[in-house]
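First up is the structure itself, then whatever we jot down about it.
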Amino acid sequence: MTALVFGKLALVFIFLATAGLIIYIINQKKTVYLWSYRLLVAGFSCLSLQIGCNYYELGVAPVLTFKSSLSFFAWTILGAYLVFQLKFRLMVLGSFIAPLVACLLIMSTAISGAEVTVKPMLRSFWLTVHVVASFVGNGIFALTFMAGIMYLSQERQIKKKTFGSLYARLPSLATLDSINHYSLIWGFSFLTIGIITGVIYAQYALGSYWQWDPKEVWSLITWLFYAALLHERLAVGWRGRRAALMAIIGFAVLSFTFVGASLWLSDYHSFRNLGGFAYQ
């Protein structure tokens, strides 16, 4: 019951913050942003408490169902944004991130809950690290995705010389490319940790490092895609439009791995199997 209360409070705070941040991108009043930011932090705090309560009740990371996974994903995206906000101080970025987080939480709320039976083999340190690292990586890649969208929008206005109201509100192309760069590095690092610990856990729980389950295969495809993108950025020097476009495509692949492979293709990673693994 306590977790449910925290979840509802989180949704209210984040919904209000989203409305405020949308208003901010229109009128650019700093006071509106400051109050919206405080509401966003309050929502993140409540969401953290909800996840903490669910973890305490289950004894495992609360991602065993599609409903809980959406909420956990929203939490990591919002947490990643709050951390990156400390470095880049981009108030407008919140106007793009908050609606995504709000949509994920609304979807999670709309899905009916189900009784979860936690299998003993799920109570593992390696599993917890695997889940948290993978989701944090996914959450950071959401920032890469949003920075890519903002970059393409800003570049389009510059090329066509149609400087609309959004142009003055978005950061410079160099700043957006920098966000893309840093979020790609950190997202890939966490995703790599998630895959390594997942392999270790698979050996511990199933007696095999790799099962060739569709979710595992698509997770590997996702990792290879971001590895190639990171290599091209660091070694070849990809910047700007190409990097932004590839970041958007990468997040589409990641989203299919997170949702599609789990709902329709996977076996023991399936969301339909409440005793299974609903994460990347």
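The values are calculated or read from the model by the stated rules, or taken from the named source; none is laboratory data. Small disclaimer: the values here were computed from a predicted structure and weren't measured. So basically every Cβ, Gly included, is an ideal-geometry build from the backbone, and we count neighbours across all protein chains shown.
Based on what the data block shows, is TYR151 of a type in the set (Ser, Thr, Tyr), over 16 Å from LEU254 (Cβ atoms), modelled with pLDDT of 85 or more and not in a loop (DSSP other than H, G, I, E, B)? Give the steps one after another, and end with the answer.
Numbers: of a type in the set (Ser, Thr, Tyr): yes; over 16 Å from LEU254 (Cβ atoms): yes; modelled with pLDDT of 85 or more: yes; not in a loop (DSSP other than H, G, I, E, B): yes.
Taking the combined requirement at face value, the residue satisfies it.
Can you find a residue in the stretch 226-244 that is assigned to a loop (DSSP other than H, G, I, E, B), of a type in the set (Lys, Arg) and at pLDDT below 90? If you could, list the steps in order and put the result at the bottom.
Looking only at the stretch 226-244, we keep the residues that are assigned to a loop (DSSP other than H, G, I, E, B), and these are 237-239.
Within this subset, residues satisfying the condition of being of a type in the set (Lys, Arg) are 239.
Those left that are additionally at pLDDT below 90: 239.
Yes, the stretch 226-244 contains at least one residue that is assigned to a loop (DSSP other than H, G, I, E, B), of a type in the set (Lys, Arg) and at pLDDT below 90.
Of everything in the stretch 169-200, what is at pLDDT 85 or above and either polar (S, T, N, Q) or in contact with a His (Cβ under 7 Å, 6 or more places away or on another chain) (or both)? Give them in sequence order.
Within the stretch 169-200, THR175, SER178, ASN180, SER183, SER189, THR192, GLY194, THR197, GLY198 meet the criteria.
For the stretch 157-167, check the following and say yes or no: at least one residue is touching a residue at least 12 places away in the same chain (Cβ under 8 Å), buried (at least 18 other Cβ atoms within 10 Å of the Cβ) and either in contact with a Phe, Trp or Tyr (Cβ under 9 Å, 6 or more places away or on another chain) or on the phi > 0 side of the Ramachandran plot (or both).
Within the stretch 157-167 (the criterion being touching a residue at least 12 places away in the same chain (Cβ under 8 Å), buried (at least 18 other Cβ atoms within 10 Å of the Cβ) and either in contact with a Phe, Trp or Tyr (Cβ under 9 Å, 6 or more places away or on another chain) or on the phi > 0 side of the Ramachandran plot (or both)), the answer is no, since none of the residues qualifies.
Between LEU49, LEU16, LEU39, LEU64, which is touching a Leu at 6+ places or on another chain (Cβ under 8 Å) and either at positive phi or in contact (Cβ under 8 Å) with a residue 40 or more places away in the chain (or both)?
LEU64
Would you point out which residue out of LEU39, LEU16, LEU11, LEU34 is in contact with a Ser or Thr (Cβ under 7 Å, 6 or more places away or on another chain), at pLDDT 85 or above and among the aliphatic types (A, V, I, L, M)?
LEU11
Give the number of residues within the stretch 200-227 that are polar (S, T, N, Q) and either over 17 Å from HIS130 (Cβ atoms) or touching a residue at least 60 places away in the same chain (Cβ under 8 Å) (or both). Show your work before the answer.
Going residue by residue through the stretch 200-227, those that are polar (S, T, N, Q) are 203, 208, 211, 219, 222.
Next, only the ones that are either over 17 Å from HIS130 (Cβ atoms) or touching a residue at least 60 places away in the same chain (Cβ under 8 Å) (or both) stay: 219.
The number of residues fulfilling the criteria is 1.
Any idea which of (1) crowded, with 20+ Cβ neighbours inside 10 Å; (2) among the hydroxyl-bearing types (Ser, Thr, Tyr); (3) at pLDDT 90 or above is the one SER270 doesn't satisfy?
Among (1) crowded, with 20+ Cβ neighbours inside 10 Å; (2) among the hydroxyl-bearing types (Ser, Thr, Tyr); (3) at pLDDT 90 or above, the lone unmet condition for SER270 is (3).
Quick one: how many residues across the stretch 52-64 are buried (at least 22 other Cβ atoms within 10 Å of the Cβ) and either within 18 Å of the chain's Cα centre (by Cα) or in a loop (DSSP other than H, G, I, E, B) (or both)?
4
Looking at PHE141, PHE96, which one is assigned to a helix (DSSP H, G or I) and at pLDDT below 90? I'd like the intermediate steps shown before the answer.
Values: PHE141 fails: at pLDDT below 90.
So the residue among PHE141, PHE96 that is assigned to a helix (DSSP H, G or I) and at pLDDT below 90 is PHE96.
Looking only at the stretch 66-81, decide whether some residue is surrounded by fewer than 16 Cβ atoms within 10 Å (Cβ to Cβ), of a type outside the set (D, E, K, R) and out of contact with any Cys (no Cβ under 6 Å at 6 or more places or on another chain).
Filtering the stretch 66-81 for residues surrounded by fewer than 16 Cβ atoms within 10 Å (Cβ to Cβ) gives none.
Looking for residues that are surrounded by fewer than 16 Cβ atoms within 10 Å (Cβ to Cβ), of a type outside the set (D, E, K, R) and out of contact with any Cys (no Cβ under 6 Å at 6 or more places or on another chain), one finds none in the stretch 66-81, hence no.
What number of residues within the stretch 3-30 are of a type in the set (Val, Ile, Thr) and closer than 14 Å to CYS103 by Cβ?
Step one: filter the stretch 3-30 for residues of a type in the set (Val, Ile, Thr), giving 5, 12, 14, 18, 22-23, 25-26.
Now drop any that are not closer than 14 Å to CYS103 by Cβ, which leaves 14, 18, 22.
Residues meeting the conditions: 3.
Residues being within 16 Å of GLY137 (Cβ to Cβ) and loosely packed, with under 15 Cβ neighbours inside 10 Å: count how many of those fall in the stretch 200-219.
Final tally of qualifying residues: 0.
Given the criteria more than 22 Å from SER172 (Cα to Cα) and at pLDDT 90 or above, does VAL253 qualify? Spell out the reasoning first.
Working: more than 22 Å from SER172 (Cα to Cα): yes; at pLDDT 90 or above: yes.
So VAL253 passes the test.
Looking only at the stretch 1-19, count every residue that is surrounded by 14 or more Cβ atoms within 10 Å (Cβ to Cβ) and either among the polar types (S, T, N, Q) or farther than 30 Å from SER112 by Cβ (or both) and tell me the total.
So the count comes out to 1.
Do you know which residues across the stretch 220-251 are touching a Ser or Thr at 6+ places or on another chain (Cβ under 6 Å) and within 27 Å of LEU127 (Cα to Cα)? Break it down stepwise before answering.
Step one: list which residues in the stretch 220-251 are touching a Ser or Thr at 6+ places or on another chain (Cβ under 6 Å), which gives 222, 247.
THR222, the sole residue that qualifies.
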